[in-house]
Every structure is written in structure tokens, then in C-alpha cells.
Amino acid sequence: MARYGMAIDTRKCVGCMDCVVACKTENQVPAGEARDWIAYETAGAFPTLRMEIRSERCNHCDRPPCVACCPTGASHVAQPGHVVLVTPGACIGCKACLASCPYDARFVHPDGYADKCTFCLHRVNGGLEPACVSVCPSRCFTFGDLDDPNSAISRTLASRRGHTLLPAAGTGPRIVYLD
Amino acid sequence: MTPEFFITRHNAMVDPFLRVWSWEIPVYLFLGGWVAGMMILTGFTLATGRHRERPCAASALPGVGLVLLSLGMLALFLDLEHKRFVWRLYTTFQPSSPMSWGAWILIAVYPVLVGSWLVRPPALAADLSASVERASLWLQARASLVRAVGAASIGLGAALGIYTGVLLSSLGARPLWSSGLLGPLFLASGLSTAAAFAHLVARHTGERESMARLDNLALSLELAILSLLMLGLLAGSAAQADGARLFLGGAFTAPFWVFVVLVGIVIPLIVQSLAVAHRIQHTPVAPVLVLTGGLAMRFVFVYAGQASHWAHGVWASLP
């Protein structure tokens, strides 16, 4: 069974926000909300500053706390791909999933249910890449099956160093930021 | 040096920190804990056969509990964003979700509260309804059934009280809530507020006295658990220690120390200790302070927990 993940090359990402616009368009994300976003992090002291630009979204964790705490099963792990999804008609809007996510990746849709990135599973199941991946002008995304040793993402992760966000939270995030 | 962090997202519920729960959840947790304490007190009275003495714990608390629990569930319902799908809570049971456990516990609590109420219904209710009187007489004639209702009331009351704390502590993304002690803390607080209420409304001096003693025990326990909770957080991860510091110089220092510790625990403990030692008379001041402190505790923990978070800057800390 596939286990989708994403590697994002922070040396290539320029923070152009094409991924954000593509996601909003593809998934009709309501105005004022976002399923993905850009984070700019600057560290160090002048003049030895370092900066990382990251395209962030739901990490589709291996141990998703949002799924564990959901009282109705609306948040669930879908196959193929082990992708975390929400069934709007089963969500009561209790917001426990928002409180349980260390990445603050969820929002409440104006219709009342919890919403988030789906890895564009509707596109992926049709043989396409997620919208954010397909539009990136610097090609900084690599998307694919982490359990397939011959997939592009597995080969990338075997050859490059990277890090996940908040590993101490213990959720097993599946988005890796290449250093 | 602290890294700078900018983000293009602006989600009012999570940026710059979590703000998903407002007054409804603290009120629900307070009322739930309070009713849990009432169920334990009533259950003990029924299980030991003391209800025949018609104490306040048997005659008044179950009815008040029914009203308070219904108000709490109304507050919980008001908090939901997708209200017309609330029935979905009862189409499934999710064992990993404390909220799912809570939803089913609440369903089981109602019939037990009604059963407890029927053992010693208020005289007015029995006078107005012949069926209430018949049901009450039928129940009173079956001592083993009354004891079973009492035992169920104790068990479900404990489950309800602990659940109100576990609901928060299961959300590990908020470091301040990452402690298994929140369940026992909220249970002790629920027991304390229930005893305080019984102390407030009991007519018999003996019952008032015993409720004050019980409240002192629950308050002492609450203070001990609160101290252990703080020690545990300070000795935990950096994020948990930062969460504890919200009460130790941080944004929630004043409400925590003034309303939760002093008003809610220390002052009533001193006043009631003097009262049970017959140094001063029993006054309604101490129980009212306990109830105020119980409500303040839920507000402070819900709001402070939402303000605690795993700090960004993981990348910056790498060599």
C-alpha cells in the first residue's frame, strides 16, 4: 500500500506563492483561508544570517493526532496513500483536530467543517501531481510513494539531507524539507 | 538569537496562537466536573443507605445535577461549528477519542441521575405527580437496586470528572495540557465544588459539617495535584516548561494565582478549616469562593493551554 510524502527543496523555493494560488484555485479554498502557505524563517546574527523559505501544509503524519482525537471518525486515514482526509458530512465542528495539530494546518470551512490539504488526492488518483507540485516554477517539490524504494521521492531522500518540522511532537510528519 | 518567523497564512483560529475555544468549553468543563462531584456524593449516600436520613446529597443534588448537566451540554452544543451534524457523535464510537468517550458517558449519566433523583424526589415533585411517587416508592422498596444506582453513580461520576481533564490532556499539541494529571485535578476540583454546593444548601448542621470536611480534603488534594502538575511540566520538555511559565511570570500569572490558587483553594481551605475546628461559624463565603475558583480554573487552563505551543525555529536550532 502506498504511503505518499513530499520533499521540498529549500534551496530552490523562492516563496513565490504559486503553490498557494494553485491550491486555492484547484480546491476552491474559501477567501481568507489557506490549505498551504509560505513560512520565512531567519536565524543568526548580522551579518551571518541564514534564511529558509518553506511551503508548508498538512504533514499527513504517520501518527496523526487529529485522527486519534476525532469523536466521529470524520478525520480519517484514506487509502491509497495513507493520506489524512476529512469527511465534511461526518464532522461536527468540535475543533479538537485544530487543537491537536502541532502544525496548525487546519481551519474551519465557512460551512462549519474542518478543512485541510488533501495532497490533491483527486488529482493523484487520476495520475496527476498535486496542484502545488505541478505549478512550482522552481520545481522544488518531489511527491510520491515513500514506501517504494524506486520512487523519485525515495531516491531524493536517499541522496539529500533534510529535516521535518517539530519532530519532538512525535507525529511522524511525511513532509521533508531538504537542506 | 531568537529567529524571526513570518508566515503568509492568517487563520484567526490558530494565528498567532490557538483560539478555537471560547467561554463555552470552560463552562461545559466546569459544569461537567461539578455534576461529576455531585454524582459521587449522591452515589456514596445511596450505596451506604444514608439516603433514608434524607440528606441534601440524596434529595437535592441529583435534580440540580440534571439541570446543570443539561446547561453544560447546551454550552458544548453552542461551541460546535457544524451543529446540524451533532447526531454523528452517536453513530459511532471512537476508542482513541476522549470526546467520543465523553459523549457516550453523558448518555449513560442521564438515566443514573434520574434514578438517583427518584430515590428521594423533592416533596413537591412527588405531590404533583402520582407516577413520580409510585416510581419512588417502588425504588425505595428495593434496597439492592438503590445500592446499584449508587454504585453506578459513583463510577460514572468518576469517569465524567476525569474525562473533563483527559479531554484536554489528550491534545498533545498544546504542551501545557500534556499531562495525565489534568484528569485527577479536574475530578478533585469537581468533587470540591460539589461538596461546597452541598455545604451551601444543606439544612442539617451535621451534613454541613461533614461536607465542609470533605471539601477541605478535596481542596488539599487539588492543591497537591496542582503542585505535581507544575513540577511535572517544569521538569518536562522545553515546550512544557514554557507552558508552565505562563503561570510563573507569564500572561496568566495573575488569574492563576489570584482566582485559582488563592480564591479557589487557599482562602476557602483556611476559612473552612477554622469552621470545622469550631473557631469560627460556618459561612457561605468559603463555598462560594470554591465555586468561583472551580470556574476560574477551567477558564485559565483552557485559555492558557491554547496559548502554549511547540515553538517554531526547529530549523534554526540545527547546527
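Can you work out which of the residues in the stretch A:61-103 that are among the small types (Gly, Ala, Ser) and assigned to a strand (DSSP E or B) is farthest from the other protein chains (Cβ to nearest Cβ)? Break it down stepwise before answering.
Initially, the stretch A:61-103 is screened for residues among the small types (Gly, Ala, Ser), giving A:68, A:73-75, A:78, A:81, A:89-90, A:93, A:96, A:99-100.
Filter once more, keeping what is assigned to a strand (DSSP E or B): A:75, A:78, A:81.
Working: A:Ser75: 10, A:Ala78: 16, A:Gly81: 21 Å.
Filtering the stretch A:61-103 for residues that are among the small types (Gly, Ala, Ser) and assigned to a strand (DSSP E or B), the one farthest from the other protein chains (Cβ to nearest Cβ) comes out as A:Gly81.
The residue that is nearest to B:Ala75 (Cα to Cα), counting only those in the stretch B:91-107 that are small (Gly, Ala, Ser) and at the interface with another protein chain (Cβ under 7 Å from one of its Cβ atoms), is B:Ala103.
Hey, among A:Val14, A:Val29, which residue is in a loop (DSSP other than H, G, I, E, B), under 20 Å from A:Ile175 (Cα atoms) and more than 7 Å from chain B (Cβ to nearest Cβ)?
Working: A:Val29 fails: under 20 Å from A:Ile175 (Cα atoms).
Criteria check complete, one pass: A:Val14.
Taking the stretch A:34-59 on its own, how many of its residues are part of a loop (DSSP other than H, G, I, E, B), out of contact with any Pro (no Cβ under 8 Å at 6 or more places or on another chain) and surrounded by 18 or more Cβ atoms within 10 Å (Cβ to Cβ)? Total meeting the criteria: 3.
Where helices (runs of 4 or more DSSP H) fall entirely within the stretch B:226-319, those with at least 2 residues that are away from chain A (no Cβ under 14 Å) are at B:267-276, B:285-307.
Just to verify a result, which residue in the stretch B:1-20, among those that are within 7 Å of chain A (Cβ to nearest Cβ) and touching a residue at least 40 places away in the same chain (Cβ under 8 Å), is nearest to A:Cys101 (Cα to Cα)? Checked the stretch B:1-20; the qualifying residue nearest to A:Cys101 (Cα to Cα) is B:Leu18. Quick one: is B:Trp21 over 30 Å from B:Trp138 (Cβ atoms), buried (at least 22 other Cβ atoms within 10 Å of the Cβ) and modelled with pLDDT of 95 or more? In short, yes.
Screening B:Cys56 with (1) modelled with pLDDT of 95 or more; (2) more than 9 Å from chain A (Cβ to nearest Cβ) gives one miss only, at (1).
Among residues of the stretch B:170-189 being in a loop (DSSP other than H, G, I, E, B) and hydroxyl-bearing (Ser, Thr, Tyr), the one that is nearest to the other protein chains (Cβ to nearest Cβ) is B:Ser170.
Scoring B:Ala238 on the criteria (1) touching a residue at least 24 places away in the same chain (Cβ under 8 Å); (2) hydrophobic (A, V, I, L, M, F, W, C); (3) farther than 29 Å from B:Gly305 by Cβ leaves a single failure, condition (3).
Hey, which of the helices (runs of 4 or more DSSP H) in the stretch A:107-179, taking only ones fully inside, have at least 1 residues that are surrounded by fewer than 20 Cβ atoms within 10 Å (Cβ to Cβ), within 14 Å of chain B (Cβ to nearest Cβ) and not hydrophobic (A, V, I, L, M, F, W, C)? So that I can check it myself, show each step before the final result.
Values: elements: A:121-124, A:131-135, A:152-159.
In the stretch A:107-179, there are no helices (runs of 4 or more DSSP H) which contain 1 or more residues that are surrounded by fewer than 20 Cβ atoms within 10 Å (Cβ to Cβ), within 14 Å of chain B (Cβ to nearest Cβ) and not hydrophobic (A, V, I, L, M, F, W, C).
Pairs linking a residue in the stretch B:29-54 that is basic (Lys, Arg) to a residue that is not in a helix (DSSP H, G or I), with Cβ atoms under 9 Å and 6 or more positions apart or on different chains, are B:Arg52/B:Arg120; B:Arg54/B:Arg120. Here B:Arg213 passes the criteria (1) surrounded by fewer than 24 Cβ atoms within 10 Å (Cβ to Cβ); (2) within 13 Å of the chain's Cα centre (by Cα) except the one numbered (2). Determine whether B:Pro26 is buried (at least 17 other Cβ atoms within 10 Å of the Cβ), closer than 30 Å to A:Tyr103 by Cβ and under 22 Å from the mean Cα position of the chain (by Cα). For B:Pro26, the condition - buried (at least 17 other Cβ atoms within 10 Å of the Cβ), closer than 30 Å to A:Tyr103 by Cβ and under 22 Å from the mean Cα position of the chain (by Cα) - is met. I want to confirm something. Restricting to the stretch B:182-212 and keeping residues that are modelled with pLDDT of 95 or more and not hydrophobic (A, V, I, L, M, F, W, C), which single residue is nearest to B:Val166 (Cα to Cα)? Within the stretch B:182-212, the match that is nearest to B:Val166 (Cα to Cα) is B:Gly183.
Close Cβ contacts (under 7 Å, 6 or more residues apart or on different chains) running from residues in the stretch B:274-296 that are over 29 Å from B:Thr164 (Cβ atoms) to residues that are among the basic types (Lys, Arg) and surrounded by 13 or more Cβ atoms within 10 Å (Cβ to Cβ) are absent.
The values are calculated or read from the model by the stated rules, or taken from the named source; none is laboratory data. Note that the structure is a prediction, hence the values are computed from the model and not measured. So basically every Cβ, Gly included, is an ideal-geometry build from the backbone, and we count neighbours across all protein chains shown.
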